[in-house]
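Visitor: A single structure is presented below for examination.
The values are calculated or read from the model by the stated rules, or taken from the named source; none is laboratory data. What you are looking at is a predicted structure, and each value in this text was computed from that prediction instead of being measured. Cβ atoms come from the backbone with ideal geometry, glycine included; neighbour counts cover every protein chain shown. Calculation scope for accessible area: heavy atoms of the full protein, side chains included, ligands and nucleic acids excluded. Shrake-Rupley method; radii C 1.70, N 1.55, O 1.52, S 1.80 Å.
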Amino acid sequence: MMAARGGWAEKMTSSDKVSQEQAVIDRDGLTGLIAALRQEGYQVIGPKVVDGAITYEPVEDGNELPAGWIDEQDGGNYRLLRGTDGALFSHTVGPHSWKRYLFPPNQRLWQSKAGEAGFSIIPEAAPTTPYAFLGVRACELKAIAVQDKVFGLGNGDGKGFTDTGYAARRKAAFLIAVNCGRANKTCFCVSMEAGPKAEAGFDLALTELVGAGRHDFLVEVGSERGAGILSRLTRRATTPEDLIAADAAVARAAAGMGREMVAEVGPLLKRNLEHKRWDEVAARCLGCANCTMVCPTCFCSTVEDTTDLSGQHAERWRRWDSCFTLDFTFIHGGSIRREASSRYRQWITHKLAHWYDQFGSSGCTGCGRCITWCPVGIDITEEARAIRDSEGTL
């Protein structure tokens with residue numbers, strides 16, 4: 001596995017980081033951060049314990065964060081356990097991703113009402129309350145960057161498609177990253193060059209420093225508005241010991257990766273489209289679509305029109321869909337991908353290979369959610385490795 005990248009001793013000079021300001025806040029400072037964001041009009045979304053899992057929900061106070069909880073994950077397995085240090089961010093990622101808020105699972109696109117002059121189209125109003133995401137991991141920052149490309153953020157020049165609803169929510173969002181201090185058995189962000197340290201794309205980044213009688217957060221500024229929020233908090237200057245502890249936490253997470261993606265996976269899959277492994281994995285796959293629902297980059301959707309009984313009002317809705325469903329490729333004459341093997345092959349090859357052709361990057365960030373939340377524990381890294389290891393033996 002690759003070593004941790006980008007320690008604080010080796011600062012980046014990326015244009016994405018307008019300031020290299022750093023400071024340290026304590027637990028009360030984190031509560032102050034939430035309060036400051038709420039005063040600025042943001043709805044703060046952060047990790048909370050809900051129904052036995054860490055999910056992303058509205059947060060009004062730092063006491064709502066999952067203090068002392070850690071998660072244990074493996075293929076088809078997830079459970080919460082009590083930790084020993086009271087840390088707020090010792091868990092990794094749960095079943096929800098931030099796309100739940102940026103690309104809602106159910107979104108009305110427009111309404112239509114009948115009048116004397118006929119039907120009139122009422123566009124959906126732009127969102128008015130901006131989000132502040134607290135606890136965005138490095139792999140999730142990478143996933144948001146991937147979806148920015150999918151939904152055409154930056155195509156305001158009229159030369160390409162831009163999802164206006166996504167763009168409005170995304171541009172208004174304030175991102176507070178959290179650098180991971182531990183990894184799970186399903187994590188493989190290091191091999192996807194997506195973590196565990198947030199490198200860019202955030203307004204503020206936190207590294208939790210807990211133990212030996214302390215509970216602090218090293219804060220790194222990533223934008224002008226991030227600097228503005230930090231200036232309102234009670235903070236102190238960093239010390240060399242703070243920087244060493246932060247680097248050690250990230251290095252610990254990098255060394256604890258439970259999985260690793262094989263090298264050159266895109267070309268590997270492209271030259272093995274008829275491999276027998278597709279039938280072998282299909283024999284286990286339930287076609288439940290859990291992997292696509294928890295994936296932070298999957299973007300398949302369907303559009304539905306509804307009308308009331310009077311016929312005077314209609315609405316168009318966009319809802320999440322999945323390439324694992326038979327209806328997704330249904331055209332006149334039936335579904336194109338009728339076999340489970342072809343549907344799984346479509347998902348993994350698009351994610352790891354053809355995504356480069358469309359968007360210039362991988363569609364996978366190594367978060368491991370698809371492994372954890374697969375009921376039968378199908379492992380995307382294992383499937384890629386099995387195909388690689390079989391080359392030359394078929």
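Visitor: So which residues in the range 326-352 are touching a Cys at 6+ places or on another chain (Cβ under 6 Å), of a type in the set (Gly, Ala, Ser) and surrounded by fewer than 19 Cβ atoms within 10 Å (Cβ to Cβ)?
Guide: none
Visitor: Anything in the range 277-291 that is open to solvent by less than 70 Å² (accessible area, probe 1.4 Å) and small (Gly, Ala, Ser)? List them, or say none.
Guide: Across the range 277-291, the qualifying residues are ALA282, GLY287, ALA289.
Visitor: Which number in (1) buried (at least 20 other Cβ atoms within 10 Å of the Cβ); (2) not in a helix (DSSP H, G or I) marks the one condition that LYS185 misses?
Guide: For LYS185, the failing item is (1).
Visitor: Are there any pairs with C-beta distances below 8 angstrom linking a residue in the range 233-249 that is among the charged types (D, E, K, R) to a residue that is part of a loop (DSSP other than H, G, I, E, B) and open to solvent by 50 Å² or more (accessible area, probe 1.4 Å), with the two at least 6 apart or on different chains, and if so which?
Guide: Within 8 Å, the pairs are ASP247/ALA9.
Visitor: Let me ask something else. Only one residue in THR365, THR307 is of a type in the set (Ser, Thr, Tyr) and open to solvent by 70 Å² or more (accessible area, probe 1.4 Å), so which one is that?
Guide: THR307 is the lone residue from the list that is of a type in the set (Ser, Thr, Tyr) and open to solvent by 70 Å² or more (accessible area, probe 1.4 Å).
Visitor: I'd like to know if the range 127-138 contains one or more residues that are outside any strand (DSSP E or B), of a type in the set (D, E, K, R) and more than 25 Å from ALA35 (Cβ to Cβ).
Guide: no
Visitor: For the range 50-63, what are the residues that are within 18 Å of the chain's Cα centre (by Cα) and surrounded by fewer than 20 Cβ atoms within 10 Å (Cβ to Cβ)?
Guide: Correct list: ALA53, THR55, GLU57, PRO58.
Visitor: Failed condition for ILE244, given (1) open to solvent by 70 Å² or more (accessible area, probe 1.4 Å); (2) within 24 Å of LEU37 (Cβ to Cβ), with all others met?
Guide: (2)
Visitor: One residue is enough: does the range 207-214 have a residue meeting the conditions modelled with pLDDT of 95 or more and not charged (D, E, K, R)?
Guide: yes
Visitor: Can you find, within the range 36-49, the residue that is farthest from the chain's Cα centre (by Cα) among those that are open to solvent by 10 Å² or more (accessible area, probe 1.4 Å) and over 10 Å from VAL59 (Cα atoms)?
Guide: Looking at residues that are open to solvent by 10 Å² or more (accessible area, probe 1.4 Å) and over 10 Å from VAL59 (Cα atoms), I get GLN39.
Visitor: If you check GLY334, GLY368, GLY363, which single one turns out to be among the small types (Gly, Ala, Ser) and without any contact (Cβ under 8 Å) to a residue 60 or more places away in the chain?
Guide: GLY334
Visitor: Further question: Restricting attention to the range 167-182, does a residue exist that is farther than 27 Å from LEU352 by Cα, free of Cβ contacts under 8 Å to residues at least 24 places away in the same chain, open to solvent by less than 40 Å² (accessible area, probe 1.4 Å) and more than 15 Å from the chain's Cα centre (by Cα)?
Guide: no
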